[in-house]
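For reference, the structure is listed below as structure tokens.
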Amino acid sequence: MEKSFESKLRQYARLVVSVGVNVQKGQPVMIACPVDCAYFARMLTEEAYKAGAKDVIISWRDDFCSRQHWLYADDSLFDAVYPWEADQRNTLGREGVAYIAISAQDPENLKGVDPERQRRYNIAAGRDLKEFYRLEMSNGFPWCVVSIPIPAWAKKVFPNASEEEAMAMLWDEIFNAVRIKEGGDAVAEWHEHCKRLEENAKKMTQYAFAELHYKNSAGTDLKVKMPDNHIWLAGGDDAKSGVRFVANMPTEEVFSAPLRTGVDGTLVATKPLVLNGNVVEGIKFTFKDGRIESIHADANEQTLKNEVGLDEGSHYLGEIALVPYDSPISLSGVLFFNTLFDENASCHFAFGEAYPACVEGGDDLSPEELLARGINAESNTHVDFMVGSRDLTITGVTKDGREIPVFVNGNFAI
Ligand code: ZN
Ligand code: ZN
């Protein structure tokens, strides 16, 4: 490894361990990692033990092997998660694991796989890993999603470059996005960055908007009602243990949860969406009383329809997120084909389960109580899709009927 690269990589590993999941003494750590990224998992492991981890458990995966599994494994395997696998995840979740997920895959790795298998397995995983997912959504343990390049992904992002060039270019973009510079202090940068994001979130919460209107020339014309006592969040979250963590690196969003039954109109996506190993393009939804009424995609429509059709909750929005058009990742102009980056370059929504912390005291409420508070608390999926554009306007309507420009020409106006 080249020296300057190695020092940036070391900075990155420290950042993920100390700010991302914020590993505490005696805490178990789990790293979900592609085998191509083993060198980074090793560095993370070293840093996690230095921070006092009780144990570091690695969950390896591999694009090639998982593709073979989806294509050829016995059909009975797609209706249940192995009990020992479910037990491992759910137990670690209960123990308050620091969970690091490295997101790096060929965006089209599962092209041609039977979507019915994926649908069945997603239902099974939602059921068998429910405890783990629920703890994750309600900050029961600290977690952090980060990325490093792999060749198949880098080539999709930079198709005209050689593999080596594409890898170097994607590394540059990722280091920029996570604020790592040679000789810089990424940890201090991140504390500053989160503070700025949290200020915007606080402003949004103080307005206590009753409704937000979205409009742009791509065809979006949407009214989104907000639940009473909703909270806008950004930057870090507090885990149940009281430890502050950052769930996404990078993160540029200020987000909340819409009123489950309060979304009406048309929503047009402005970027492709990588979903279950396929690239879904040209997405358009219409909503009535919060429920998705029609679904269209120019490419891989069935993949999208299966995910929206997963359960009743997946027919409703669970997240509303604001990202300025002038945010650094957006300005890079790069289409990442990876939601972690593309969602942080664009205003977005997610269909499926809401984060409980988006309503006051939500982390301590049951799904039934959260539903009564008006947010979409019960679904086995959560899929972000991007709707931001240079000409997006978002107008907030306060409870006493005042109209406040929230976004003008794609950027914050408040
Ligand atoms: Zn988001
Ligand atoms: Zn999301």
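The values are calculated or read from the model by the stated rules, or taken from the named source; none is laboratory data. This one's a predicted model, so the numbers in the text were calculated from it and none came from an experiment. For neighbour counting, all protein chains shown are included, and Cβ atoms are generated from backbone atoms with ideal geometry for every residue, glycine included. With ligands, DNA and RNA removed, areas are computed over all heavy atoms of the protein, side chains included. Shrake-Rupley method; radii C 1.70, N 1.55, O 1.52, S 1.80 Å.
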Quiz item: Does the chain classify as rounded, prolate or oblate by the C-alpha gyration tensor (a ≥ b ≥ c root eigenvalues; a/c under 1.5 gives rounded; else a/b over b/c gives prolate, otherwise oblate)?
Solution: rounded
Quiz item: Where a Cα-Cα gap under 26 Å defines reach, which lysines qualify for Lys25, not counting those fewer than 8 residues away within the same chain?
Solution: Lys8, Lys50, Lys54, Lys195, Lys240
Quiz item: Rank Asp128, Asp221 by accessible area, highest first, at a 1.4 Å probe radius?
Solution: Asp221, Asp128
Self-check item: From the C-alpha gyration tensor of the range 361-414, square roots of 5λ in Å
Solution: 29, 18, 8
Quiz item: Once Rh is set to the Kirkwood radius over Cα pairs, what Stokes-Einstein translational diffusion coefficient, in µm²/s, holds for the range 86-242 at a temperature of 4 °C and a viscosity of 1.567 mPa s?
Solution: 66 µm²/s
Quiz item: What is the spin-label model distance, in nm, from Glu198 to Arg134 if the labels are put 7 Å beyond Cα along the C-beta direction?
Solution: 2.9 nm
Exercise. Any chance you could list P(r) for the range 277-371, counting all Cα-Cα pairs in 10 angstrom bins from zero, rounded to whole %?
Key: 14, 37, 35, 13, 0
Self-check item: Residue-by-residue Karplus 3J(HN,Hα) for the range 68-74, coefficients 6.51, -1.76, 1.60, Hz, glycine and proline x
Solution: 4, 4, 5, 7, 10, 5, 4
Practice problem: Could you go through the range 296-302 in sequence order and give the Karplus-derived ³J(HN,Hα) for each residue, using 6.51 cos²θ - 1.76 cosθ + 1.60 with θ = phi - 60°, rounded to whole Hz, and x for Gly and Pro? | Solution: 9, 9, 6, 9, 6, 4, 5
Quiz item: Once fully extended, how much extra length lies between Glu85 and Val408, figured as 0.36 nm per residue of separation less the alpha-carbon to alpha-carbon distance?
Solution: 111.5 nm
Practice problem: Find, among the GluC sites (Glu not before Pro) in the range 307-379, those assigned to loop by DSSP (not H, G, I, E, B) with at most 11 other beta-carbon atoms within 10 angstrom. | Solution: Glu312
Practice problem: Rounded to whole Å and sorted largest first, list the principal axis extents of the Cα atoms in the range 189-314. | Solution: 41, 34, 31
Quiz item: In Å, what is the Rg of the alpha-carbon atoms in the range 167-246, and how long is Dmax?
Solution: 17.5, 47
Exercise. From zero up to wherever the largest Cα-Cα distance of the range 216-283 sits, split into 10 Å bins and tell me the percent of pairs in each.
Key: 16, 28, 41, 14, 1
Self-check item: Gyration tensor (alpha-carbon) shape descriptor, the range 19-175, a/c threshold 1.5
Solution: oblate
Quiz item: For the modelled label position 7 Å from the Cα of Asp298 along Cα-to-Cβ, which residues of the range 385-414 have backbone nitrogen atoms closer than 20 Å?
Solution: 385-392
Self-check item: All-pairs alpha carbon distance profile, the range 55-98, 10 Å steps from 0, percent
Solution: 22, 43, 29, 6
Exercise. Let me have the 222 nm mean residue ellipticity of the chain computed from DSSP H runs of 4+ only, each contributing -39500 (n - 2.57), with the sum over all residues rounded to the nearest 500.
Key: -10000 deg cm²/dmol
Quiz item: Reported to two decimal places, what Rg/Rh ratio describes the range 1-89 when computed on Cα atoms with Rh from the Kirkwood expression?
Solution: 1.08
Quiz item: Taking the alpha-carbon set of the range 329-406, what are its Rg and Dmax in Å?
Solution: 15.8, 42
Quiz item: Modelled label-to-label distance, Asp75 and Lys223, 7 Å Cα→beta-carbon offset: nm?
Solution: 4.8 nm
Quiz item: Taking a 1.4 Å probe, which of Val29, Val243 shows the most accessible area, and what order do the others take after it?
Solution: Val243, Val29
Self-check item: Of the GluC sites (Glu not before Pro) in the range 193-300, those whose Cβ has at most 15 other Cβ within 10 Å and which sit in DSSP loop
Solution: none
